[in-house]
1. Net charge near residue 76: determine it from the other residues with C-beta under 15 Å of the C-beta of residue 76, scoring Lys and Arg +1 and Asp and Glu -1.
2. Can you tell me the dipole magnitude for the chain around its Cα centre, using point charges on the Cβ only (Lys, Arg +1; Asp, Glu -1), in Debye to the nearest 20?
3. Could you put 77, 220, 235 in order of accessible surface area, largest first, with the 1.4 Å probe and the full protein assembly present?
4. Please compute the Kirkwood hydrodynamic radius over the stretch 74-191, one decimal place, Å, based on all pairs of different Cα atoms.
5. Classify the stretch 17-142: rounded, prolate or oblate, from the alpha-carbon gyration tensor (a ≥ b ≥ c, eigenvalue square roots; a/c under 1.5 rounded; otherwise prolate if a/b is larger than b/c)?
6. Per residue, how much accessible area does the stretch 16-82 show when a 1.4 Å probe rolls over the protein heavy atoms, in square angstrom?
7. So, with a 1.4 angstrom probe, what is the percent of accessible area on the chain that is carbon and sulfur?
8. How high is the relative contact order of the chain, given as a whole-number percent (alpha carbon pairs under 8 Å, six or more residues apart)?
Amino acid sequence: MAGVEEVKVVAAHHECATLRVGDVFLKIDADQTRTDVEVEAMARVPVPTPEVMWRKPPVLALAALPGRALGRLGEPSAASPAAWAAAGATARLLHDAPLPPWPGRSLEEVTSDLDGECEWLLTNGVLPAGLVTRNRRVAEAALRPWTPVFTHGDLQVAHVFADGDEITGVIDWTDAGPGDALYDLATLTLGHQEHLGDVVAGYGTDVDLDVIRAWWSLRSLRAVRWLAEHGFDPSAPGGEVDVLRSQL
């Protein structure tokens, strides 16, 4: 990194921060258990991930991936339908991999967390009651037993990189673990519902679209408080609140 003239803050809040220094990303995390999961997950998955340059807690240095993110929440994606299909195929490779040895979140935990977030949204008047209750009903379809697969856990569009029609890598594996495959597909297409067909075509098997829509509602309901408390705006155009409104 000698001779680098610019340090760019990619993301930052009170728990962790990511800086870009030349072609290296420096991830600084107060909770090293998250970094442990990230490093172990990247070593296990059969999909492209950033190269680990070095690790000196609390800093993890990762090489930049070629290409650019598939998109951003709240912005139209410039990626081709073929690139979106390739992202679906990448998710399928991940989901077909052997499960990691650490536990994932149970259905009971997900349900309890969702109910707690809905109660907080209603008690504090953060969102209209009708918007919360309607999306809570939609989310019910996701609250069913699932067969655990190796999931990324936060497969949002900004974490998937493409160069042309080829997926060059997937970043940010701190939430990886056993989980519902359709949660990953829902996270990937959150706010980019128009690309769901491409992703499913690349995934290569029948999926329950109602469950994916349910995960859109569930993820968005759970995200509003976290985003607000970490300095982000869930009401930004195309963001989580707009996703909730689109479900009405």
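1. On the way: positive: 68, 72; negative: 75, 194, 198, 242.
Local charge sum for residue 76: -2.
2. Charge dipole, the chain, about its Cα centre: 180 debye, nearest 20.
3. Numbers: 77 25, 220 0, 235 70 Å².
Putting 77, 220, 235 in descending order of accessible area: 235, 77, 220.
4. On the way: mean 1/r = 0.0628 Å⁻¹.
After inverting the mean inverse Cα-Cα distance, the result is 15.9 Å.
5. Working: a/c = 1.70, a/b = 1.52, b/c = 1.12.
Judged from the Cα gyration tensor, the stretch 17-142 comes out prolate (a/c at least 1.5, a/b above b/c).
6. Details: 3510 Å² over 67 residues.
I get 52 Å² per residue for this part.
7. Values: 6350 of 11870 Å².
Whole-percent figure for carbon plus sulfur exposure: 54.
8. Numbers: 454 pairs, mean separation 57.7, N = 248.
Computed value for the chain: 23 percent relative contact order.
The values are calculated or read from the model by the stated rules, or taken from the named source; none is laboratory data. A quick note: this is a predicted structure, and the numbers were derived from the prediction, not measured. No Cβ is skipped: glycine too gets one built from the backbone with ideal geometry, and neighbour counts run over all protein chains shown. The area values use the complete protein model at the heavy-atom level, side chains included, leaving out ligands, DNA and RNA. Shrake-Rupley method; radii C 1.70, N 1.55, O 1.52, S 1.80 Å.
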